[in-house]
Every structure is written in structure tokens, then in C-alpha cells.
1. If we only count helices (runs of 4 or more DSSP H) wholly inside segment B:213-307, which ones have 3 or more residues that are in contact (Cβ under 8 Å) with a residue 60 or more places away in the chain?
2. Could you check how many residues of segment A:67-87 are in a helix (DSSP H, G or I) and either buried (at least 22 other Cβ atoms within 10 Å of the Cβ) or away from chain B (no Cβ under 14 Å) (or both)?
3. For segment B:340-365, name all the residues that are crowded, with 18+ Cβ neighbours inside 10 Å and hydrophobic (A, V, I, L, M, F, W, C).
4. Residue check: is residue B:96 of a type in the set (Gly, Ala, Ser), within 11 Å of chain A (Cβ to nearest Cβ) and crowded, with 17+ Cβ neighbours inside 10 Å?
5. Please state which of the following conditions residue A:193 fails to meet, knowing it meets all the rest: (1) away from every other protein chain (no Cβ under 14 Å); (2) in contact (Cβ under 8 Å) with a residue 12 or more places away in the chain; (3) under 14 Å from the mean Cα position of the chain (by Cα).
6. Restricting to segment A:158-186, and then to whatever is on the phi > 0 side of the Ramachandran plot and over 25 Å from the mean Cα position of the chain (by Cα), can you tell me which residue is farthest from the other protein chains (Cβ to nearest Cβ)?
7. Go through segment A:147-157 residue by residue and tally those that are more than 10 Å from chain B (Cβ to nearest Cβ), in contact with a helix residue (DSSP H, G or I) (Cβ under 8 Å, 6 or more places away or on another chain) and on the phi < 0 side of the Ramachandran plot.
8. Pull up segment A:304-349, narrow it to residues that are more than 19 Å from residue A:246 (Cα to Cα) and β-branched (Val, Ile, Thr), then point me to the one that is nearest to the other protein chains (Cβ to nearest Cβ).
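The values are calculated or read from the model by the stated rules, or taken from the named source; none is laboratory data. Small disclaimer: the values here were computed from a predicted structure and weren't measured. Cβ placement follows ideal geometry from the backbone for every residue including glycine, while neighbour counts extend to all protein chains displayed.
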2 protein chains.
Amino acid sequence: MTMAKSSKSKENPQVKLKELGQELALQIQKGKNPEVEFGLRSLSNVVYDEKARMLNLGSKTQTRKFFDPRHARVFLQTMEMAKIAKTLLDVNKHASLRDAFYMAKRTIPQSTINIVDEQDESDSAIEDVELITGFSRERLNINANKMGSVAGEVTIEDAGDTINWARLGSGGWSIPSNVESIEFNSVKAKYIIYMEKQAVWERLHEDKFWKKQNCIIVTSQGQTTRGIRRLLGRMSEEFKLPIYVLADNDPWGYYIYSVLKFGSISLAHMTSSLAVPQAKFLGVTTKDIEEYGLKKHLITFKDVDNTRLKQIMDYDWFKNNKPWQKEFTAMKRNGAKVEIQSLSSRGITFISDTYLPEKIKRQDFLD
Amino acid sequence: MTMAKSSKSKENPQVKLKELGQELALQIQKGKNPEVEFGLRSLSNVVYDEKARMLNLGSKTQTRKFFDPRHARVFLQTMEMAKIAKTLLDVNKHASLRDAFYMAKRTIPQSTINIVDEQDESDSAIEDVELITGFSRERLNINANKMGSVAGEVTIEDAGDTINWARLGSGGWSIPSNVESIEFNSVKAKYIIYMEKQAVWERLHEDKFWKKQNCIIVTSQGQTTRGIRRLLGRMSEEFKLPIYVLADNDPWGYYIYSVLKFGSISLAHMTSSLAVPQAKFLGVTTKDIEEYGLKKHLITFKDVDNTRLKQIMDYDWFKNNKPWQKEFTAMKRNGAKVEIQSLSSRGITFISDTYLPEKIKRQDFLD
């Protein structure tokens, strides 16, 4: 079966999950082999949409049947996760992926077999439920990791509280794993800077950069969590705010940008809600190294850095992009990386007073 | 020289750093070899104080001289970091360890030699400055990592803002790397639960656990940052709040407790400001596995877990502690660990409704 989409179920994951159950019950009543059809999640079905500049799933589908020795276990796991999501939505509670795993790790009655044994299995089943229902796991009340901080002239409503991101001292607001139910009351900012390092965020925050420049500053630590991707995506879409990415001048920093902007292979089925196609790379670029006197702070690549750079250069979404290819080639020639924080060698507030204002004024981005 | 402590310099790191410089200038004027004497930071000088139940530095000292080929480089690095700290304090700005490294990584005039080449060197120099001045690096405006969230009936003043930890939606307050200048306006809570996992914090927060139980909930992710240790330490000391640690039932979870309560070898010179001797271990304990039906979720130890457990069992601060030795022995017998989140197998709010209230009611802690 392919799930028919009623207008109500498009908006409401509970309705959608109920419809899924009803469809399956109907198949069983008719004496059919219960089955469900949905998009194929495999590398062979991940396509880069040149026009939208996004990674998406292609049109290949798969059919999973209950009475099929290859499918039975996974079919059951998928239905178990659908049931867990339905329960969470019914009681209005959220669970982490790990929680959901433990909820599913139970013995099938009258057997010694567990529904899932490892979290890989429940994670994968949740991704299937995302595809089948068209709702992200956040909408199914299953949360990803919590990480990161935000500050700026923004007031929101969340979980019954009114929160002003401009009045939270040196700490800022701690970004939850799930930002779906946040309501934005007022947003006064011209753009958002997203950075991979908490320490850089603290630098900009102490310098009141967001106040002086009328912007919002957001950080995670390392790879961008789904919560932060959704937060940036929502603010980009709902308030047309430009998103500027501030990361190290190395393949790992560039990959953070790549995932944020274009999506990732493993989550290609969710790109439309998780990618932020408006994001631009602010720095640190290879050109900046010369321009801002950072040559002294080049750190020679290890083999793993060279390998990673080559992989990224060859991505479909970069390989026909001339400015990016020029950038990668320059980095390859350097054979070395530079960290954001090397800007501190020019003075503790150099990044806030000079580097960022200059780059933003001349709109010096890679796109 | 041993630094004489004027009453003013005891309170003010700027005064202290200035005195250090004046002392050295005086030595130079007298034609002496500039030197500084301070506590020896090495394993041989780390002692466990049975009475205070804390790891501390012993009484051994070292003297570092400028004109000594073994000391010259490190002497210079230490003075450079003292200078950077003084500058930061003068301009009222904070830097991360990485920033401080880049500020120190400069060429000595008329040479091709850098003051520091690797962050290890600047980090170590900062620890020396901590010892020489008696001020933690946070008081010297050099920050550690930012991490973690907090919620509860507490109002603070920080960086000019009044912040109510009870009114911050699903995210909570993002804990800064440096909590020295926070002022507590009002603290309405009976105890603090500190947990190693953000996902568990989100569970308790969604369940309004802190409100129902009149407590404060704090999380980092993995090892406790210095900022969080200081936050817990300050609240424990200033408001006599008990601190209960909620971690996985494994050697790594127990190590988190150990560092928080007793201090760590590498930071033994800072134990008095970084350790939280009042902390107690709430769970998950080996006894809980039976009591709360978690046996199904035992995860067999790898070699590395067994090795780590043995190391922890042999720590001075655990080896004569009968309840803890009993606990370690039971864990060793299990040869397996259990995660906090396995409690979700009993129901999504089981941890908030049953496990924690029961354990706290019967004061079922390891100390």
C-alpha cells in the first residue's frame, strides 16, 4: 500500500499514524499479507537536486511485507516505533532516541526474541517511520541531542514561558533538542551568525556583538544538531534572515557548512525540513589567511585531512561550483588549516571589531 | 621568592599579578637571577586528604629560575600567561584556553623562536599561574569549556541581566564557562540533581520534576566542565544544598562522580575551589538493577571497562570506603553496565514518577 494523504493527516502526525494502523488492520481483515510502501533509503536513491541545491531522495520505492523472511523483523520494528511515537504523542511527552530504543527493547510475548537488540535497529526504524508518515522524528516526539546556545534581540514563547534571548546574562538560552513548538513573538535582527565553537560564541557574546551588529548568534559544538538545524531553518524561512556560517578553515569546518546547507546522505529523506539552503560560508576562508595575517598559525594537514578534503571537493554539490573549487584548491595547496580562534593572535576582540564587520560589510561569502 | 600575600592581593587577581611583576622587577634590579617558587605539580606531590576527603597538593615546592637552561623556556611561558591574564583583567575581557594559546604564540623579538608552539605549553603555564597567584584561571579571566543547562526556582544576576531559571521554556539556561560573577538573588530548592546526560535532563524538565520536587536540575554532557563544577560548588557552599549525582551504572559514570566530589589528579592544585565534597551518588547503582527490573538491559563489559573499574576501585579515596567497595565488587560480579535511560523501559516518566522520588525519599545514596 502507498499511504493516501488526507488533508488532516498532513498536518497531524497522530492522525497520520492512526491511518497507518487502520490501513494495516484492513489488509489483515482482508486476509492480505500486511505491507507498506515508501521511499528507498539507500545511497542509490540519493540525488542532488541541482536546481534546489539540496540532497533529496529519488523516486525509487520499496515495499516491506510482514510475511517475508527478509522483512518480518524490520517490519515489526517499524510498527513498534510507530506505536511508540503514537503513545508519546497521545500522552504529550518526548523521548530521546536512546529512550525509544529501551522502550522497544522488549521480548515478543511467548518467545525469547527481542523486538530490537541494538539502537541501530530502532534508529533505522524511526527513519522509516519518518518516510512513511512524512513527519520528522521531532514531530513524532522523538528528540535528537540537545546542544548549543543562542543570544540576540528575539522574544519567543516556549513551553508556557516568554523568553527574551537578549536578557540571559553570559550564558544565553540553551537550545532544546526539539524546537518545533517554539513561537516567535518578535525578531529584531538583520542576520544570524552560526558558529561551530562555543568559545567563539562566548567571545562574540561578551563583546555584545549581536547588539552592536543587530544580529543573532548561535552555536553548537562540532557538528550541528538537528535542533539547531531546525532553529536556523525556521528563522531563515519564517523571517528571511540570512545565515552566515563561521567555522575553521579545514575540511571538517567546511563539512559542517555542507551538511547545514545541502543536507546529508543519511538524512536525505528529511532534507526539506533539515537543510538551510540560504546558508553562506563566512569564514575562515583561505583568502582570509593572507588578508588577516594568520599565516603563522597554519597547522599542517594530516593524511586524514587531505583525504577528507578530496572527498568534499568531489561532492556533487561542490564539483561544479567554481568559487568553492577555487577555495578547495587553495586549501589543498596550503596543505594546512587555520582555526577561527587564531584571530585572537591579532587581539582579543579583533574578531568582533574588525574581522566579522569587514567581511559582512563587503558581503565576502562563499555560496 | 615565595609570593607574600598582602590582604588586598588575596581578593584581587590584578593586584596579585602586579605584585608578582614588581617582585620580579625588584630581583632584576638587584642583579639577581629572577626566580619564582610555588607548589610542585606532579603525581608525587598529590595527596589524598582523608579528613577533608579531597585530593590536594602536598607541601613540596619547586623553584623556577630564568637563567637556567632547564627552566628558561617554561619561565618565559609562565610570565607570558601572567601578562595575558593581567591584560584580560585590565580590559575586562575573557579568553578561552585556545585564545590564550594563540595570544602567546608569537615570535620572541629578534629571534625565530615562538614563546609557545603547542597549546599544552600555554595550558601548563596557566596552571602554574594559578598556583603562583592562588587564583583559578576563571578568576584570571581565562575560561574553560561552555556546556550544559540548568532549570529550577532560582533567580540570578549575571552580566547585567536578571534571569529566572524557572521561566526558560524547554531549553533552560545555558551555563557559561565562567560562573564566578553570578549573583544569586533567590534560591528556592531543597537539593540539586546533577546528571551526565542532556537527554535525561530533558526528560526531567518536560516532566516538571524540579517544580514538583522543589529542586534544581543541572546537566553537562559527559565529563563535568569546570563551569558546572564551580556552579554546583558555589550552590552547595552558599546555600547548603545537597548535590545528588545521576550517572550510568558503569566505571565512567562513577568516575564523573569521583572527579566532582574528590577532585582530579591533574587539577589537585585547584581542588578546594573545584571539588564538591558534599556530592552524593544517587544512581544508577548495582542494587537498583534488581530493584527496578533493569536486568534485561545489562550491557556486558568490554576489557576497557574492567580495567577502568579496577583503577577506580584502587583509588585512595575509595579503597577504604566499605559501601563503595561493596558496590564495585557487585559491579565486577555483574561484569556489565546499565544506562540511566534503561529506566525508560519501565515507562517514559518512570524515572520522574517513581525511581527518583523513591530513592530520594529513602535517602538511598552512596557517599
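1. Those helices (runs of 4 or more DSSP H) span B:226-239, B:251-262, B:271-274.
2. So in segment A:67-87, the residues in a helix (DSSP H, G or I) come out as A:72-87.
If we keep only those that are either buried (at least 22 other Cβ atoms within 10 Å of the Cβ) or away from chain B (no Cβ under 14 Å) (or both) as well, we get A:72-82, A:84-85.
Of the residues in that region, 13 qualify.
3. Answer for segment B:340-365, where residues must be crowded, with 18+ Cβ neighbours inside 10 Å and hydrophobic (A, V, I, L, M, F, W, C): B:340, B:343, B:348, B:351, B:356, B:360.
4. Numbers: of a type in the set (Gly, Ala, Ser): yes; within 11 Å of chain A (Cβ to nearest Cβ): yes; crowded, with 17+ Cβ neighbours inside 10 Å: yes.
Yes, satisfied.
5. In the conditions (1) away from every other protein chain (no Cβ under 14 Å); (2) in contact (Cβ under 8 Å) with a residue 12 or more places away in the chain; (3) under 14 Å from the mean Cα position of the chain (by Cα), residue A:193 misses (3) alone.
6. Our first condition is that a residue be on the phi > 0 side of the Ramachandran plot; within segment A:158-186, this holds for A:159-160, A:169, A:172.
If we keep only those that are over 25 Å from the mean Cα position of the chain (by Cα) too, we end up with A:160, A:169.
Working: A:160: 8, A:169: 3 Å.
Ranking the qualifying residues of segment A:158-186, first place goes to A:160.
7. Quick first cut of segment A:147-157, residues more than 10 Å from chain B (Cβ to nearest Cβ) only: A:152-155.
Next cut, in contact with a helix residue (DSSP H, G or I) (Cβ under 8 Å, 6 or more places away or on another chain) only: A:152-153.
Subsequent filtering for residues that are on the phi < 0 side of the Ramachandran plot retains A:153.
Total meeting the criteria: 1.
8. Selected residue: A:304.
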